[in-house]
Amino acid sequence: MQNLLKLDIDGEVVFEFDRNTRLPGRQRDFLDKMDEDMDRGIRLAEQHIAEPDSLQRARYVAMHLLQAYTENNQPMLTATCAYLVQRVPGLNTIEVVHAADETQLRLILDQ
């Protein structure tokens with residue numbers, strides 16, 4: 001398993017998060033709160049998912065990670081990365097590709 005979670009946008013690694021980053025207790029509690037919020041359902045690709053599975057939750061959080069990156073929101077960037085490395089340990093890269101009229105997001109797991 002790689003030590004870094006990478007955010008790759010259009011073929012360029014633009015951000016890396018060290019899996020060994022220690023979070024204060026308050027931030028760890030926030031990750032549990034994120035799960036509680038998603039227990040009430042999420043919206044992915046214009047579809048409401050009442051009971052999202054772990055991969056759907058990861059995609060949802062990865063979309064928020066991308067938003068945090070584009071807005072330079074460091075606290076949210078840290079929280080979303082921490083969530084992903086803790087809840088999906090095999091995740092090594094979030095790949096974002098901008099096409100003419102859409103954005104594609106892929107989660108790349110260790111083989």
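Sorting LEU107, LEU77 by solvent-accessible area of protein heavy atoms yields LEU107, LEU77, largest first, with a 1.4 Å probe. Heavy-atom accessible surface of the chain, averaged per residue, reaches 63 Å², computed with a 1.4 Å probe.
In the chain, which whole DSSP H runs stretch at least 30 Å along their own axis (Cα) and average -1.0 or higher on the Kyte-Doolittle scale? Span-like helices, by this rule, are absent here.
Per the Debye formula on identical point scatterers at the alpha carbon atoms of the chain, with no solvent, log10 I(q)/I(0) at q = 0.12, 0.13, 0.18 Å⁻¹ is -0.40, -0.47, -0.92.
A straight chain from GLN74 to LEU4 at 0.36 nm per residue would run longer than the Cα-Cα distance by 23.5 nm. The charge dipole of the chain, taken about its Cα centre with unit charges on the Cβ atoms of Lys, Arg (+1), Asp and Glu (-1) only, comes to about 420 debye.
Fraction of C-alpha pairs exceeding 15 angstrom in the range 1-56: 67 percent, rounded to a whole number.
Ranked by the mean number of other Cβ atoms within 10 Å of their residues, highest first, the peptides 95-102, 57-64, 10-17 fall in the order 57-64, 10-17, 95-102.
The order of ILE9, ILE108, ILE94 by accessible area, most exposed first and with a 1.4 Å probe, is ILE108, ILE9, ILE94. In the chain, the portion of solvent-accessible area held by carbon and sulfur atoms comes to 47 percent [1.4 Å probe, whole percent, DNA, RNA and ligands not counted]. In a fully extended conformation the segment linking ARG28 and LEU55 would gain 7.7 nm over its present Cα-Cα distance, using 0.36 nm per residue.
The heavy atoms of LEU66 present about 30 square angstrom of accessible area, all protein chains included, probe 1.4 Å.
The values are calculated or read from the model by the stated rules, or taken from the named source; none is laboratory data. Every value quoted in this text rests on a predicted model; they were computed, and no experiment measured them. Note that we place each Cβ from the backbone using ideal geometry, even for glycine, and neighbour counts take in every protein chain shown. Only protein heavy atoms, including side chains, enter the accessible area calculation; ligands, DNA and RNA are left aside. Shrake-Rupley method; radii C 1.70, N 1.55, O 1.52, S 1.80 Å.
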